[in-house]
Amino acid sequence: MGKKTIKNIRINSEVHREIADIIRADIKDPRIKPMTIVTGAEVTNDLKYCKVYISVLGNEDEARETIEGLKSAAGFIRSLLASKLNLRNTPELRFVPDNSLEYGMKISRLIDEVVNKDMEVSDNTDTSTNAADINILEDETEIGRDEDKTEE
């Protein structure tokens, strides 16, 4: 795409913020699920096109329906975007599914499971070690009692 300039980065963040607000507040399409998140926006240097990355928390069918709903509302979103931003050209919007949030949640859940299993294993090891320590202490105590009996 070319080098990222400060201006391009600023435009990307403004477009990202405005599209997120438009989807949240102005779109009434029932295909667009309430847990729709705009994870990013990349506007080309010539301001002709914009890839909008969308993440939908839910199953694949809900994500597909949401992307279809957004594609059908792209003209409406673009007109609202033009009225909110002062750009030379209002970019043509292309909605792209982004599964990074779901992937991150899955990885986090797997890490939690591993940590919990590790804690269970260490707890079981600690209790068996403690039981062994107790047996050793009991044996030493009995040995000490035996020595006391022999001295008498």
Restricting attention to region 49-66, which residues are over 18 Å from ARG17 (Cα atoms) and either over 17 Å from the mean Cα position of the chain (by Cα) or among the acidic types (Asp, Glu) (or both)?
GLU60, ASP61, GLU62, ARG64, GLU65, THR66
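Can you tell me which residue is nearest to ARG78 (Cα to Cα) among those in region 14-30 that are part of a loop (DSSP other than H, G, I, E, B) and open to solvent by 50 Å² or more (accessible area, probe 1.4 Å)?
Selected residue: ASP26.
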So, in region 31-48, of the ones that are among the hydrophobic types (A, V, I, L, M, F, W, C) and open to solvent by 50 Å² or more (accessible area, probe 1.4 Å), which residue ends up farthest from the chain's Cα centre (by Cα)?
MET35
Considering each residue of region 1-53, count those that are of a type in the set (Lys, Arg) and farther than 16 Å from LEU85 by Cα, and give that number.
7
Looking at the structure I just gave you, is PRO97 within 26 Å of the chain's Cα centre (by Cα) and either at pLDDT below 90 or crowded, with 18+ Cβ neighbours inside 10 Å (or both)?
no
Qualifying positions in region 1-11 - open to solvent by 20 Å² or more (accessible area, probe 1.4 Å) and in contact (Cβ under 8 Å) with a residue 12 or more places away in the chain:
MET1, GLY2, THR5
Need at least 3 residues that are touching a Pro at 6+ places or on another chain (Cβ under 6 Å) and hydrophobic (A, V, I, L, M, F, W, C) per element, so show me which strands (runs of 3 or more DSSP E) inside region 31-101 make the cut, counting only ones lying wholly within it.
none
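In a helix (DSSP H, G or I), exposed (fewer than 10 other Cβ atoms within 10 Å of the Cβ) and at pLDDT below 95: is that true of ASP139 in this structure?
No: the conditions fail for ASP139.
The values are calculated or read from the model by the stated rules, or taken from the named source; none is laboratory data. Model, not experiment: these values are computed from the prediction. Heads up, the Cβs are rebuilt from the backbone with ideal geometry, glycines too, and the neighbour counts pull from every protein chain shown. All accessible areas refer to the heavy atoms of the entire protein, side chains included, with ligands and DNA or RNA removed. Shrake-Rupley method; radii C 1.70, N 1.55, O 1.52, S 1.80 Å.
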